[in-house]
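Accompanying notes for the structure given below.
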Amino acid sequence: METKANFLSGAFSDLESADKAYHSLLNRGYKHDEINVVMAEDTMKKYFDEEKRESKVGTKAGEGAGTGAAIGGGIGAAAGIIAAIGTMVVIPGLGFAIAGPIAAGLAGAGAGGIAGGLIGALVGAGIPKERAEKYEEGLKEGNIVIGVQCHNEEDCRSLEDEWSSYGHDVYR
């Protein structure tokens, strides 16, 4: 199967690393609506207050001096991911929340697009089926997947190197 040129994706095991990846894209000039963010609905509930759209983890900085401060200090400014959360579409029956061009595509496709499932949406975004299946398993375990159609080859190379230092299953 042929994939889209210059599509980069990666799985991140926690909010802090996902937020770093998200901000690396913003720092290179990518817009929020160009960046795909996918997580399980349970992961979204774990990290974010659904009504306030703010990080639950970041608000715990004052709790339990050691752990809360260490976690909160690293994640308190999860503004990038929070912006994506505000535009996420939760897919009923599948248990995943999706933001970015993938979400727009699913919304435009209606029920027929949703019937194709998460793997179909990821493949449609440019991720090979085998990798999409691996991402889906990781999402069920709490990973956050971020993907983007890179503006150019240099961006892809640089971002791939950076993401590989704190993410896993980085694919280009």
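What full-extension length gain, to one decimal in nm, is calculated for residue 45 and residue 94 as 0.36 nm per residue of separation minus the Cα-Cα distance?
Between residue 45 and residue 94, full extension yields an extra 16.1 nm.
Show me, for segment 23-40, the HN-Hα J-couplings you get by feeding each phi into the Karplus relation (A = 6.51, B = -1.76, C = 1.60, θ = phi - 60°), rounded to Hz, glycine and proline as x.
5, 4, 6, 4, 5, 8, x, 6, 8, 3, 7, 9, 9, 8, 10, 10, 8, 5
Count charges around residue 103 for me, please; just the other residues with Cβ under 14 Å from its Cβ, Lys/Arg as +1, Asp/Glu as -1.
Net local charge, residue 103 excluded: -3.
Under 13 Å from the Cβ of residue 134, count the other residues' Cβ atoms, weight Lys and Arg +1, Asp and Glu -1, and hand me the total.
-3
Go ahead and collect, in residue order, the members of segment 156-172 whose backbone nitrogen is under 14 Å from a label point 7 Å along the Cα-Cβ direction of residue 130.
What the label zone holds, given the 14 Å backbone N cut-off, is 171-172.
Every read-out reported here was derived from the displayed coordinates using simple, explicitly stated rules and does not represent laboratory data. Keep in mind that this is a model prediction, so the values were computed, not measured. Cβ sites come from the backbone with ideal geometry, for glycine too, and all protein chains shown count toward neighbours.
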